[in-house]
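The values are calculated or read from the model by the stated rules, or taken from the named source; none is laboratory data. Being a predicted model, the structure only gives us computed values, none of them experimental. Here the Cβ is made from the backbone with ideal geometry for all residues, glycine too, and neighbour counts use every protein chain on show. Only protein heavy atoms, including side chains, enter the accessible area calculation; ligands, DNA and RNA are left aside. Shrake-Rupley method; radii C 1.70, N 1.55, O 1.52, S 1.80 Å.
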Amino acid sequence: MPLQKKKNKSKEPSRFFKTPKGMHDILPSDQPYWDRIDRTARELADFYNFGRIETPILEFADLFHKTVGEETDIVQKEMYVLKTKGGDILALRPEGTAPVARAYLEHSLGRVSQPQKLFYQGPMFRHENPQAGRYRQFSQIGFEIIGGSNDPIYDTQIILVFHRLLESLKIKNANLKINSIGCRVCRPLYKRQLQAYYKNHEKNLCPDCVWRLKINPLRLLDCKRETCEKIKEKTPNVLDKLCSMCSTHFKTVLEYLDELQVPYTLDNQLVRGLDYYSRTVFEIFAEGPGRELGALPGGGRYDYLMELLGGHLTPAVGGACGIERLIAVMKAQDIKLGAKSSRRVFVAHAGEMAKKKCLKLVEDLRGAGIATSEGLARESLTAQLKIADREGVPIALILGQREIYEERVIIRDLRTGLQETVPLHRIVEEIKRRWRDTQ
Ligand code: AMP
């Protein structure tokens with residue numbers, strides 16, 4: 001048969017609606033990743049004593065103008081802004097820290113025990129150019145420590161909780177990059193030196209960097225274009241320009257990380273995209289498969305953010321990690337989630353009368369807290385057991401005419417094929433015994 005040319009389906013207009021660009025459905029097949037990450041983040045929050053906070057998806061757009069910074073890409077190009085019928089200008093939140101800071105001030109959380117250790121999780125929105133690891137709707141897990149003092153122990157604890165998150169998810173080759181970008185005293189000096197250096201290379205800079213040079217020189221270090229990367233190689237080192245307070249602060253963070261045996265790489269060109277950072281900044285990448293997706297967690301200290309919102313100077317440090325990127329890296333590294341089904345049984349019937357009994361058996365098992373799957377709408381036992389096989393459920397409970405008559409049930413180990421019958425009233429006890437034995 002002659003080979004037929006495949007039709008290029010992507011060129012045909014779809015008859016169906018699709019998700020807007022950069023937005024995704026999360027299908028049941030991906031749900032186990034979301035569940036695992038969600039569970040792990042909650043357990044860590046619980047262990048390290050972070051209280052969960054949830055803020056609205058819509059905030060006043062000005063909140064982000066004031067905090068994230070007028071000159072950042074997020075505010076200039078990426079915010080989804082809308083006008084309500086009442087005339088309010090709202091934005092779909094592009095990040096979580098500013099809303100948490102707003103909530104801290106609005107609910108006077110500074111009056112309760114300090115610092116406040118807060119944890120959040122939820123969708124963020126940025127009108128970016130979609131590519132691998134970069135979406136327009138994505139979800140973040142965030143940890144923030146707000147208030148109290150600017151003790152370097154808090155910077156370390158934030159980094160540690162993200163380090164543990166990746167470790168618990170079995171992500172390999174995590175590379176923590178860390179830097180300090182100084183404070184109000186030393187940063188202006190460094191910025192001037194950076195400007196002076198870049199002024200000499202202005203004619204070779206990309207148009208964005210020419211603009212950054214005037215408006216926000218620290219962001220020059222963020223540019224990934226080849227020509228600008230070359231110029232970046234010889235920039236003055238921010239760590240040499242830190243004031244003594246910032247220098248001691250940074251050294252102490254590193255000492256604490258050493259104590260915890262959390263490995264790190266110094267990266268004096270790491271500045272982060274948002275304006276509100278001071279002193280410690282960090283990002284964690286997965287080297288090897290998944291590296292191209294960009295930073296997993298990223299964050300830093302933001303001691304001046306509360307002031308920008310009209311509050312008092314309030315020390316704070318935090319970070320956020322994209323969940324979609326975590327999942328993409330877990331897939332790229334072929335990280336197995338472990339069978340969800342190992343603590344699940346499959347109920348199967350042979351015959352119409354048994355089907356009815358099975359319906360009740362499933363509910364009895366649910367009441368006893370035993371996760372159960374079934375394929376009761378299928379008539380053939382073979383077809384039902386195929387479903388069990390597909391789901392990877394290790395134990396099947398089978399009811400036929402004879403079992404109903406004897407008030408017994410067949411319990412079959414689907415991995416070995418071995419089976420026995422047990423009295424129906426003892427089935428819960430028997431399943432739990434088997435689970436205990438396989439612990
Ligand atoms: P940021 O809020 O920009 O500091 O980002 C913190 C983390 O959120 C990043 O390190 C990523 O893991 C994730 N992230 C940021 N922007 C996106 C995006 N457009 N799509 C997917 N994940 C993102």
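Between R343 and N204, take the C-beta separation as r, use R0 = 56 Å, and let me know the FRET efficiency to the nearest 0.05. All intermediate terms of the calculation are to be shown ahead of the outcome.
On the way: r = 61 Å, r/R0 = 1.09.
That pair, R343 with N204, gives E of 0.35.
Rounded to the nearest whole Å², what accessible area per residue is found for the chain with the 1.4 Å probe?
Solvent-accessible surface per residue comes out at 54 Å².
Using only Cα atoms, find the angle between the long axis of helix 187-199 and the longest principal axis of the chain, and express it within 0 to 90 degrees, rounded to the nearest 10.
80
Given 0.36 nm per residue, what is the gain on full extension from R42 to T421 after removing their alpha carbon distance, in nm?
132.3 nm
Which aspartates and glutamates have a Cα less than 18 Å from the Cα of K77, not counting those fewer than 8 places away in the same chain?
Excluding near neighbours in sequence, the set is E59, D62, E95, E128, D208, D222, D275.
Which value results when the Cα radius of gyration for region 13-125 is divided by 2.2 N^0.38 Å?
So region 13-125 has a normalised radius of gyration of 1.31.
When the Kirkwood radius is taken over all Cα pairs of the chain, what Stokes-Einstein diffusion coefficient follows at 20 °C and 1.002 mPa s, in µm²/s?
After rounding, the answer is 84 µm²/s.
Give me the number: length gained by fully extending E71 to E128, i.e. 0.36 nm times residue separation minus the C-alpha to C-alpha distance, one decimal in nm.
19.0 nm
Between region 346-393 and region 267-315, how many Å separate their Cα centres?
51
Mind giving me the nanometre distance, one decimal, between the label points for D35 and A377, set 7 Å out from Cα along Cα→Cβ?
The two pseudo-label positions are separated by 2.1 nm.
To the nearest Å, what is the center-to-center distance of region 402-439 and region 118-169, using C-alpha atoms only?
46
Report, to the nearest whole %, how much of the accessible area of the chain belongs to carbon and sulfur atoms, 1.4 Å probe, protein only.
C and S fraction of accessible area: 52 percent.
If one puts a single equal scatterer on every Cα of region 157-284 and applies the Debye formula without solvent, what log₁₀ I(q)/I(0) results at q = 0.12, 0.16, 0.22 Å⁻¹?
Here log10 of I(q) over I(0) equals -0.50, -0.83, -1.26.
As a quick test, which of the pairs K360/K432; K117/K170; K170/K360 have an alpha carbon distance above 30 angstrom in this structure?
K170/K360
Checking the a/c ratio against 1.5 first, then a/b against b/c, what shape does the Cα gyration tensor give for region 344-437?
rounded
With the cut-off at 26 Å, tell me which of the pairs K232/K331; K66/K230; K191/K234; K203/K224; K21/K336; K251/K331 have Cα atoms farther apart than that.
K232/K331; K66/K230; K21/K336; K251/K331
Just the Cα atoms of region 204-358, one point each, no solvent: what log10 I(q)/I(0) does Debye give at q = 0.10, 0.21 Å⁻¹?
-0.55, -1.44
Check cross-link reach from K172 to the aspartates and glutamates: straight Cα distance under 12 Å, and skip same-chain residues fewer than eight apart.
E287, D334
Spin-label point model (7 Å from Cα, Cβ direction): what's the Y405 to R225 distance in nm?
8.4
In a GNM of the chain with a 10 Å cut-off on Cα contacts, which of S373, S244, S278 has the highest mean-square fluctuation?
S373
Could you give the spread of the C-alpha atoms of region 70-211 along their three principal axes, from largest to smallest, in whole angstroms?
Computed over the Cα atoms, the extents are 51, 46, 37 Å.
Add +1 for every Lys or Arg and -1 for every Asp or Glu among the other residues with Cβ under 12 Å from the Cβ of C243, and state the total.
Working: positive: R184, R187, K241, R279; negative: D240.
Taking every other residue near C243 into account, the sum is +3.
Where does the longest stretch of the chain lie that holds no chymotrypsin sites (Phe, Trp or Tyr not before Pro) found in a DSSP loop with 10 or fewer other Cβ atoms within 10 Å?
Maximal segment without exposed cleavage sites: 18-439.
Could I have the simple spin-label model distance between H107 and R366, label points 7 Å from Cα toward Cβ, reported in nm to one decimal?
The two pseudo-label positions are separated by 3.4 nm.
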